[in-house]
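The structure appears below as structure tokens.
The values are calculated or read from the model by the stated rules, or taken from the named source; none is laboratory data. From a predicted model like this one, the values you see are computed outputs, not experimental measurements. All Cβ positions, glycine included, derive from the backbone under ideal geometry; neighbour counts span all protein chains shown. Protein only, heavy atoms only, side chains kept; ligands, DNA and RNA dropped before computing areas. Shrake-Rupley method; radii C 1.70, N 1.55, O 1.52, S 1.80 Å.
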Amino acid sequence: MEAPLRVGLAGLGTVGSAVAGMLLRTRDKLADRAGRPIDLVAVASKDPPRDQSLDLSSIKRSDDPVALAKGEGIDVFVELMGGSGDPAKASVEAALGIGRPVVTANKALIAKHGTSLIKLAEKHNAAFNFEAAVGGGIPVIKTLREGLGGAEISRVYGILNGTCNYILTQMQKEGRSFEDCLKEAQKLGYAEADPTFDIGGFDTAHKIAILASLAFGAEVDADAVYVEGIQSITLADLEAADDLGYRVKLLGVAVKTDTGVEQRVHPTMVPKGSVIGEIDGVTNAVAINSDALDLTLVGPGAGGAATASAVVADLVDLASGRRVMPFGRGSAKLKKAVRAPMQDHEGGYYIRLAAVDKPGTAASIAGRMAERGISLESIVQHRRDKKQSSDAPAPVILITYATNEDAMRSALDAIKKDGVLAADPQVIRIEKN
Ligand code: HSE
């Protein structure tokens, strides 16, 4: 058997601990798959391992990831600290800069610096694998890069943040508050260190930017992603969606349009009964449409074991000599990303209005929509709660047929100016299967 692949690992949080545990526990099985052992020989972490049951007594320990990345005694550097800045960036650059292979699960790093990092990797002929950066254990990067290498992809979209899907599912099924569900997701180890990255949609934005690059052969452009989080979603929206035959999901969507690639992250209404609509809890799902086939991958998108499985799979690839270009083509072949402006987005909308209950309100709402050519698929006004006073606003819910974002925003501005709303409208885009 060949010499072992010696692994230096930085970061012993949820994922780092799980990777260390998997490498130690399954060494023999991995050696069979890779054709040689994969040995964890050194770790760098400023904190003790998240999993305190880990026995790292035979492993070299330090708190300097950059020194580990470029030091002697390892063949591959595994970065599991997270974050787009240092020390993650500096240590990955240090390893690639001496031609050392790198495996990372760091979506923020790839989303912000993916293009410059693969150029560095190419320059020094170093492998650079990041399967775990998107979709946790779901092999979506391999699917886009290798499995669908012959297809022309037109859209990739899905549920890419387990924390948000967990929160939305728990709220909808159990009628519990947003804060309560978030706390639980944190306790279960799904959420980022700063959960604003999850609920604000930024984690999903990083992931969809990476998928868009792989799908469309363009440089990663995280700044081009339109982002809305789930903070404004209320139980009222989830109930109304249910009544109307929809579920609300935080989706990342990248779609080829006539003007470029539209990349967006926002709460989205998807039909109940659709694959995406039925994905509950921390599970992720990625749907891919292409000229040759459509498919959906479903699986755990967060959590130590699932994410560690993807990191370890990258290590098995390296150990066995399987090597591909990180974005499926050389960096010189990646196109500059052309952003499609969000105001040109075409689609249906759910709009919840707190309407002043007086004659002419419905006419004003419908009139402003009609002036801009917006056709309404349904309009529902619920009775006020009996406990509310007679001048309390009445909830009005509109579903539009496909229209243009600019027209919809302009209609809502006009309705606001007509003085028939008691609060800002809630808008949720609808995504067709
Ligand atoms: N915080 C992320 C999530 C972890 O909830 O999906 C996986 O990237």
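Could you check how much of the accessible area of the range 345-430 is carbon and sulfur, as a whole percent, using a 1.4 Å probe? Display every interim value, and only then the final one.
Working: 2170 of 4430 Å².
Whole-percent figure for carbon plus sulfur exposure: 49.
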Take every DSSP beta bridge whose two residues both sit in the chain, then give the antiparallel share in percent to the nearest 5.
65 percent
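What is the magnitude of the charge dipole of the chain about its Cα centre, with +1 placed on the Cβ of each Lys and Arg, -1 on the Cβ of each Asp and Glu, and no other charges, expressed in debye to the nearest 20?
That gives a dipole near 420 debye.
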For helix 202-216, report the angle its Cα long axis makes with the longest principal axis of the Cα atoms of the chain; keep it between 0 and 90° and round to the nearest 10°.
70 degrees
If you take the square roots of the eigenvalues of the alpha-carbon gyration tensor of the range 207-340 and sort them as a ≥ b ≥ c, do you get rounded (a/c under 1.5), prolate (a/b over b/c) or oblate?
oblate
Restricting to DSSP H runs of at least four residues, report the calculated mean residue ellipticity at 222 nm for the chain, -39500 (n - 2.57) per run over all residues, nearest 500 deg cm²/dmol.
-10500 deg cm²/dmol
Could you tell me whether the chain comes out rounded, prolate or oblate from its Cα gyration tensor? Rule is a ≥ b ≥ c as square roots of the eigenvalues, rounded for a/c under 1.5, then prolate if a/b exceeds b/c, otherwise oblate.
prolate
The range 292-433 - convex hull of the alpha-carbon atoms, volume per residue in Å³:
208 Å³
Average accessible surface area per residue within the chain, 1.4 Å rolling probe, Å²:
42 Å²
Does the range 1-124 come out rounded, prolate or oblate by the C-alpha gyration tensor, with a ≥ b ≥ c the root eigenvalues, rounded set by a/c under 1.5 and, if not, prolate when a/b is larger than b/c and oblate if not?
oblate
If amide H atoms are modeled at 1.01 Å from N in the peptide plane, then the residues at a separation of 5 or more from Arg247, or on another chain, having amide H under 5 Å from its own are Val270, Lys272
What residue among Val15, Val338, Val102 shows peak mean-square fluctuation when the chain is described by a Gaussian network model with Cα springs under 10 Å?
Val338
With the chain treated as a Gaussian network of Cα nodes joined by springs under 10 Å, which of Asp221, Asp86, Asp314 yields the largest mean-square fluctuation?
Asp86
Would you look at the GNM of the chain, springs on alpha carbons closer than 10 Å, and say which of Asp198, Asp75, Asp32 moves the most?
Asp32
